[in-house]
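Have a look at the structure below, then the notes.
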């Protein structure tokens, strides 16, 4: 299905856009099952001639992008804007090496994650794990992933958006496009979010520590942290109760709680594509405000990206750096992306494992309590959380705790799962 065909047939489905249409519990697996782990990402062009088609595809997305034109005129507007903005984006790619690094990093993550899942959880389940990269825009596409899953005989599916925070603009858009291509005849579960997984938090703090080492010793104590999140639309907050801003704040809160240096910090969001009203403080405004308040040393931490991409390599390291220099911030650094950090791979593997239940142990604790189970398991315990400064809600995230022999399942009991088709409401 082309982006244009998707636009013409799109009908908003709240259950899909919020992830509610997918089982967030566990799917039962038996010996001989092939578990397909679908790693969903935004995508990015590899060559200069892919820039305009990539932009046009994104501008045609009725979920991610707001355009103030009727649907019938949107294709023409998308082509016009893609041509106009394509020149600027090509220049951005030239400054970061000529292409987006996203595909390379995600492919490497997929390879390592597949080995980790088979080595760590294959013996406990008797199943074979296969990972599939599925880009919302570009290659490898969702159609390619679905075809390869069929060729590999996948019998169970775990959808794994590569954003720790659930966002209708990102994960919701990917799920809607995935569903538009037809249903998958296999029990399917969704990893909705992993905003406060301790291994993700540990990896982020390692990147922060590495970034701080780049500053001269004499200014290191006064470095402030600016957490930069992917842009999102405010309309999703009102229409879909989008938890994205709350999830981002939960990650930031957990990262800071694990630190002992008591640094000042700010959270900002990159501007979304299109003309819709953005969620939260825009990155450029946050940098300018910090400069006005006297900040002289700033470390930017990409908080909602598992891999480096043009947003981090150009928007943060080039554009935001220029704004900081203009406003008088003399020391400015951006942390490296998480990419293939071992703790991130472990976190992703454990997120998948919490959605897998060996069939022989169905109804029991399964992988979550076995000797080969994850070090950390998700529970249904919802602690009281502070109100989000963006939306003033108190939306909890999944809580994680060390696994042990006395673990008692607190969430919904897994059964045999349900097919993608059966989950359509």
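No value in this document is a laboratory result; all are computed from the given coordinates. In this text the structure is predicted, and so the values were computed from the model without any measurement. Cβ sites come from the backbone with ideal geometry, for glycine too, and all protein chains shown count toward neighbours.
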Open item on the list: Under 10 Å, Cα contacts only: if you run a Gaussian network model on the chain, which one of 199, 31, 239 comes out with the highest mean-square fluctuation?
Closed with: 239
Open item on the list: Starting from the Kirkwood Rh over alpha-carbon pairs, what translational D in µm² s⁻¹ does the range 198-334 have by Stokes-Einstein at 10 °C and 1.306 mPa s?
Closed with: 103
Task: Mean-position separation - Cα centroids, the range 150-170 and the range 243-264, in angstrom - done: 26
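How do the peptides 319-325, 267-273, 55-61 rank, highest first, by the average count of neighbouring beta carbon atoms within 10 Å per residue?
Values: 319-325: 17.9, 267-273: 20.9, 55-61: 22.6.
In descending order of packing, they fall as 55-61, 267-273, 319-325.
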TODO: Between residue 11 and residue 235, take the C-beta separation as r, use R0 = 22 Å, and let me know the FRET efficiency to the nearest 0.05.
DONE: 0.85
TODO: Could you work out how far apart the two model spin labels at residue 180 and residue 220 are, taking each label as a point 7 Å from the Cα in the direction of the beta carbon, and quote it in nm?
DONE: 5.0
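How would you rank 184-193, 148-157, 385-394, highest first, on the average number of other Cβ atoms within 10 Å across their residues?
Ranked from most to least packed, the peptides come out as 184-193, 148-157, 385-394.
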Task: DSSP-defined antiparallel bridges as percent of all bridges, the chain, nearest 5 - done: 15
Task: Overall Cα dimensions of the range 7-156, principal axis frame, Å, largest first - done: 53, 38, 23
Open item on the list: Translational diffusion coefficient of the chain at 4 °C, 1.567 mPa s, Stokes-Einstein with Kirkwood Rh over Cα pairs, in µm²/s as a whole number.
Closed with: 59
TODO: Go ahead and collect, in residue order, the members of the range 323-363 whose backbone nitrogen is under 19 Å from a label point 7 Å along the Cα-Cβ direction of residue 261.
DONE: 329-338
Task: Highest-first arrangement of 225-236, 285-296, 168-179, where packing means the average Cβ count within 10 Å - done: 168-179, 225-236, 285-296
Open item on the list: What does DSSP give for the range 198-334 in terms of the percent of beta bridges that are antiparallel, rounded to the nearest 5?
Closed with: 5
TODO: Apply the Debye scattering formula to the range 186-271, with a single equal point scatterer on each alpha-carbon and no solvent, then give log10 I(q)/I(0) at q = 0.13 Å⁻¹.
DONE: -0.54
